[in-house]
1. Between Gln79 and Gln45, what length comes free when the chain is fully extended (0.36 nm per residue of separation minus the Cα-Cα distance, one decimal in nm)?
2. Could you give the length gained by full extension between Lys86 and Ile117, i.e. 0.36 nm per residue of separation minus their alpha carbon distance, to one decimal place?
3. Between region 146-165 and region 79-131, how many Å separate their Cα centres?
4. Roughly what angle does helix 59-72 make with the longest principal axis of the chain, taking Cα atoms, 0 to 90 degrees, to the nearest 10?
5. As a test of the formula, what do you get for the chain when each DSSP H run with n ≥ 4 contributes -39,500 (n - 2.57) and the sum is divided by the residue count, at 222 nm and rounded to the nearest 500 deg cm²/dmol?
6. Just to be sure I understand, if you calculate percent of Cα pairs over 23 Å apart for this structure, which of (1) 37; (2) 32; (3) 50 do you get?
7. Determine the alpha carbon to alpha carbon distance for each of Lys2/Lys77; Lys77/Lys143; Lys5/Lys112; Lys5/Lys109; Lys5/Lys54 and list only those over 26 Å.
8. Find, among the GluC sites (Glu not before Pro) in region 1-70, those assigned to loop by DSSP (not H, G, I, E, B) with at most 12 other beta-carbon atoms within 10 angstrom.
Amino acid sequence: MKLRKIINPWLGMQEYNCYGCCPDNPIGAHMRFYEEGDDIVSVWQPGKNFQSWKDTLHGGVQATLLDEVCGWVVFHKLQTAGVTAKMDIRYRKPVSLSQPYILLRGRVKETKRNVVIVVGEIWSADGVLLAECECTYFTFPQKDAQEKMGYVPSQAAEEEVSLEDIIG
């Protein structure tokens, strides 16, 4: 798996404190994103503070992670901003907190004018599909996204990295 890191365009921006992706949010998820073909990917290690039942990632946290990876599909692949209008999730298997990481994936399924359907998935470290979703986003013209929502176009780094590089 060869990935290109997406450079977070909001780093250093005043009032940027996204729960999902801001590295400076003290209680945030600190997600980072990568591009792999048509997919946006995030590798994430849940801590015990995200637990629901013993050794299980809370379903609401799973929903947040899925919404975030799907949102980055809109930001990076469509180069605009959007808002989540609807999210349907199927929890397939418990997400263990003791695995070394989980892999989140998102991709565009369908686009109709300003409505985009994005598919998101959570995979275990050993390649088992744990949860999946379909998110419906209302997107904004890029000019409106920039002027009214503070959207800044994102770019991917030129060099490729492997999953092993990311997880160390």
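Read the figures in this text as sums done on the coordinates, not as results from a lab. The structure presented is a predicted model; accordingly, all values stated were derived computationally and were not measured. No Cβ is skipped: glycine too gets one built from the backbone with ideal geometry, and neighbour counts run over all protein chains shown.
1. Extending this stretch completely gives an extra 9.5 nm.
2. 10.2 nm
3. Here the two parts' Cα centres lie 18 Å apart.
4. Value to nearest ten degrees: 40.
5. My calculation for the chain gives -4500 deg cm²/dmol from helical runs alone.
6. The value matching this structure is (1).
7. Correct reply: Lys5/Lys112; Lys5/Lys54.
8. Loop-located and lightly packed - Glu15.
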